[in-house]
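Everything on this sheet refers to the single structure shown next.
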């Protein structure tokens, strides 16, 4: 908790210096959830998405939307995480891929849910 606390402090300073940076707000959301502050983290992740919506920035907006799904998964808000995953897998992006979902430990909190297999099947490469 000591290292997370220091990281949280540093992020708060950076976010305070640039309240318009959705990447910093998103990082702060992930840190909140890692510290057990689930609702605060989800709220910050939502704010980051509102700051950089996909409708205005297809590249960065999609990345922030994926980060929202991660925050929800880490916060054990699986319905919300899957709702976001179903939306983002349909967006053109280089981040949310079959290989990433299959191997990245970031997605461990949702791996045992049957919806995860559905998403993998949808992203699976065609043989």
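Please enumerate the residues belonging to region 111-127 that are surrounded by 10 or more Cβ atoms within 10 Å (Cβ to Cβ) and either in a helix (DSSP H, G or I) or within 17 Å of the chain's Cα centre (by Cα) (or both).
Residues satisfying the conditions are 111, 115, 116, 117, 118, 119, 120, 122, 123.
Residues checked against (1) under 18 Å from residue 87 (Cβ atoms); (2) out of contact with any strand residue (DSSP E or B) (no Cβ under 6 Å at 6 or more places or on another chain); (3) touching a residue at least 24 places away in the same chain (Cβ under 8 Å):
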| residue | (1), (2), (3) |
| --- | --- |
| 10 | no, yes, no |
| 16 | no, yes, no |
| 24 | no, yes, no |
| 27 | no, yes, no |
| 37 | no, yes, no |
| 48 | yes, yes, yes |
| 53 | yes, yes, no |
| 58 | yes, yes, yes |
Notebook entry, point to check: Taking region 96-110 only, how many residues are touching a helix residue (DSSP H, G or I) at 6+ places or on another chain (Cβ under 9 Å) and either within 20 Å of residue 78 (Cβ to Cβ) or surrounded by 15 or more Cβ atoms within 10 Å (Cβ to Cβ) (or both)?
Noted result: 10
Note to self: Against the conditions (1) closer than 19 Å to residue 122 by Cα; (2) assigned to a helix (DSSP H, G or I), where does residue 28 fall short? Just the number, please.
What the structure shows: (1)
Notebook entry, point to check: Got at least one residue in region 86-94 being at pLDDT 95 or above and closer than 28 Å to residue 5 by Cα?
Noted result: no
Next item on the list: Give me a count of the residues in region 11-33 that are modelled with pLDDT of 75 or more and surrounded by 12 or more Cβ atoms within 10 Å (Cβ to Cβ).
Entry: 13
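In the list 50, 73, which residue meets the criterion of being more than 13 Å from the chain's Cα centre (by Cα), modelled with pLDDT of 95 or more, under 28 Å from residue 20 (Cβ atoms) and assigned to a helix (DSSP H, G or I)?
Details: 73 fails: more than 13 Å from the chain's Cα centre (by Cα).
From the options 50, 73, the qualifying one is 50.
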Check: Got a sec? Which of 89, 66 is within 14 Å of the chain's Cα centre (by Cα) and within 16 Å of residue 30 (Cβ to Cβ)?
Finding: 66
Next item on the list: State the number of residues belonging to region 81-95 that are surrounded by 18 or more Cβ atoms within 10 Å (Cβ to Cβ) and part of a helix (DSSP H, G or I).
Entry: 5
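The values are calculated or read from the model by the stated rules, or taken from the named source; none is laboratory data. Not measured: the values here are computed from a predicted model. With ideal geometry, Cβ positions are generated from the backbone for all residues, glycine too; neighbour counts draw on all protein chains shown.
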